[in-house]
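The values are calculated or read from the model by the stated rules, or taken from the named source; none is laboratory data. Here the structure is a predicted model, which is why all the values come from computation and not from measurement. Cβ sites come from the backbone with ideal geometry, for glycine too, and all protein chains shown count toward neighbours.
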Amino acid sequence: MDVRELIIVGSGPAGFTAALYSARANLAPLVFSGAEWGGQLMITTDVENYPGFPDGIQGPELMEVFRKQAERFGAEIVSADVTRVDLSQRPFRLWTGDDLHLAHAVIVSTGAVARTLSIPGEKEFTGRGLSYCATCDGFFFRDAEIVVIGGGDSAVEEALFLTKFGSRVTIVHRRDELRASKIMQQRAFDNPKIAFVWDSVPEEVVGEGGKLTGLRLRNVKTDESSTMPAGGVFIAIGHDPATKIFDGQLEMDTDGYIRVHDGSYTSVAGVFAGGDCVDHVYRQAITAAGMGCMAAIDAERWLEANR
């Protein structure tokens with residue numbers, strides 16, 4: 001059976017950048033992009049903070065540009081999901097369904113998925129007033145009434161960041177106290193632009209004419225429902241790394257993010273990782289792309305030394 005020099009698992013900014021760099025290094029990478037390729041940017045409308053696009057660009061359009069550039073240099077991109085791996089011996093074994101693929105080196109760039117509320121209106125208004133990333137989209141909500149859903153550190157960090165833009169930021173939490181660290185809580189309580197709605201859960205994202213206008217909430221103690229007006233809603237209840245198929249194969253932290261050292265090296269020699277499956281701090285397209293570049297260069301150098 002043919003053994004590929006390099007197989008890249010996952011697409012998005014990390015995977016496609018890794019594909020671009022490794023293709024230009026004549027490694028002829030095979031990329032399994034997933035049935036739904038492109039990562040989280042495929043559900044992002046306006047991207048205004050990626051360098052090189054002064055007028056902004058749509059998320060899917062940006063991913064199409066990434067893909068075409070990788071393909072131009074010979075990356076083979078297959079829209080299939082890797083369903084199982086065996087990284088215990090070389091060449092490494094990866095399966096897409098019943099099909100077996102062999103590789104001397106592997107780059108993991110499977111990303112992460114923002115946790116959703118699964119309530120009516122959430123999908124409809126994603127990218128149209130509802131977001132999962134304040135750093136990405138906060139700029140679009142100048143002088144707006146903003147609601148942040150969540151009670152952990154990420155929710156408080158999002159809320160504090162959004163005070164730079166919104167007229168007021170309201171944190172909605174299902175309990176009567178935050179789960180965030182004490183120092184983060186104090187920063188939120190001390191900020192005059194941040195308000196709180198306790199013991200409440202969102203039941204529906206509402207809007208008119210395709211524009212988000214508010215959030216219907218239910219008080220978990222009284223069972224009463226009310227509608228809170230909002231110009232923007234940010235859901236900050238965490239992310240889940242898409243690393244399940246590597247469980248027991250690669251060293252991960254307690255949240256399932258792949259541990260790397262010396263750049264992009266994982267716990268298995270010859271396997272590298274980058275992007276949001278590694279990074280739970282920045283989670284930006286530009287940082288994911290940078291990590292994809294690192295993984296490709298590390299893989300190229302490792303292959304050169306271990307052929």
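Scanning segment 142-179 for residues that are buried (at least 23 other Cβ atoms within 10 Å of the Cβ) and either of a type in the set (F, W, Y) or in a strand (DSSP E or B) (or both) yields I146, V147, V148, I149, V169, I171, V172.
Tallying residues that are more than 21 Å from T227 (Cβ to Cβ), among the aliphatic types (A, V, I, L, M) and at pLDDT 95 or above within segment 161-204 yields 1. Selection of first residues in segment 182-199 that are on the phi > 0 side of the Ramachandran plot and among the acidic types (D, E) and of second residues that are assigned to a strand (DSSP E or B) and surrounded by fewer than 16 Cβ atoms within 10 Å (Cβ to Cβ), restricted to Cβ pairs under 7 Å at least 6 apart or on distinct chains, gives the following pairs, ordered by first then second residue: D199/N219. Of all residues in segment 13-31, those that are at negative phi have Cβ atoms under 6 Å from Cβ atoms of residues that are buried (at least 23 other Cβ atoms within 10 Å of the Cβ) and aromatic (F, W, Y), 6 or more apart or on another chain, in F16/F66.
If you check T227, T254, T287, which single one turns out to be among the hydroxyl-bearing types (S, T, Y), without any contact (Cβ under 8 Å) to a residue 60 or more places away in the chain and within 16 Å of T17 (Cα to Cα)? Give the derivation first.
Numbers: T227 fails: within 16 Å of T17 (Cα to Cα); T254 fails: within 16 Å of T17 (Cα to Cα).
One residue alone meets the criteria, T287.
Which one of the conditions (1) closer than 29 Å to G270 by Cβ; (2) among the small types (G, A, S); (3) part of a loop (DSSP other than H, G, I, E, B) does A19 fail to meet, given that it meets all the rest? It is condition (3) that A19 fails.
Answer yes or no as to whether E5 is farther than 22 Å from K244 by Cα and either in contact with a Lys or Arg (Cβ under 8 Å, 6 or more places away or on another chain) or at pLDDT 90 or above (or both).
yes
Restricting segment 225-266 to residues that are within 29 Å of L160 (Cβ to Cβ) and among the acidic types (D, E) leaves a set whose member that is modelled with the lowest pLDDT is D240.
Any residue in segment 275-298 that is more than 17 Å from L62 (Cα to Cα), assigned by TED's automatic domain parsing to the domain that holds G12, of a type outside the set (D, E) and touching a Leu at 6+ places or on another chain (Cβ under 7 Å)? Taking every residue of segment 275-298 in turn, none turns out to be more than 17 Å from L62 (Cα to Cα), assigned by TED's automatic domain parsing to the domain that holds G12, of a type outside the set (D, E) and touching a Leu at 6+ places or on another chain (Cβ under 7 Å). Within the set D247, D262, the sole residue that is loosely packed, with under 15 Cβ neighbours inside 10 Å, within 22 Å of the chain's Cα centre (by Cα) and over 25 Å from I149 (Cα atoms) turns out to be D247.
This table checks each residue for (1) farther than 27 Å from F234 by Cα; (2) among the aliphatic types (A, V, I, L, M); (3) at pLDDT below 95; (4) touching a helix residue (DSSP H, G or I) at 6+ places or on another chain (Cβ under 7 Å).
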site	(1), (2), (3), (4)
L41	no, yes, yes, yes
T44	no, no, yes, yes
E48	no, no, yes, yes
G59	no, no, yes, yes
M63	no, yes, yes, yes
E71	yes, no, no, no
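When G97, G127, G121 are checked against the criterion of being assigned by TED's automatic domain parsing to the domain that holds G274 and on the phi > 0 side of the Ramachandran plot, a single residue qualifies: G97.
Listed here are the residues, each with its yes/no results for (1) within 25 Å of E122 (Cβ to Cβ); (2) surrounded by fewer than 17 Cβ atoms within 10 Å (Cβ to Cβ); (3) among the charged types (D, E, K, R).
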position	(1), (2), (3)
D2	no, yes, yes
G56	yes, yes, no
M63	yes, no, no
D86	no, yes, yes
F92	no, no, no
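Can you go through G256, G292 and tell me which one is crowded, with 17+ Cβ neighbours inside 10 Å and touching a helix residue (DSSP H, G or I) at 6+ places or on another chain (Cβ under 6 Å)? Among G256, G292, only G292 is crowded, with 17+ Cβ neighbours inside 10 Å and touching a helix residue (DSSP H, G or I) at 6+ places or on another chain (Cβ under 6 Å).
The set of residues in segment 257-274 being part of a loop (DSSP other than H, G, I, E, B), touching a residue at least 60 places away in the same chain (Cβ under 8 Å) and touching a Lys or Arg at 6+ places or on another chain (Cβ under 9 Å) consists of T266, G270.
Here Y282 fulfils each of the conditions (1) modelled with pLDDT of 95 or more; (2) part of a loop (DSSP other than H, G, I, E, B); (3) of a type outside the set (A, V, I, L, M) apart from (1).
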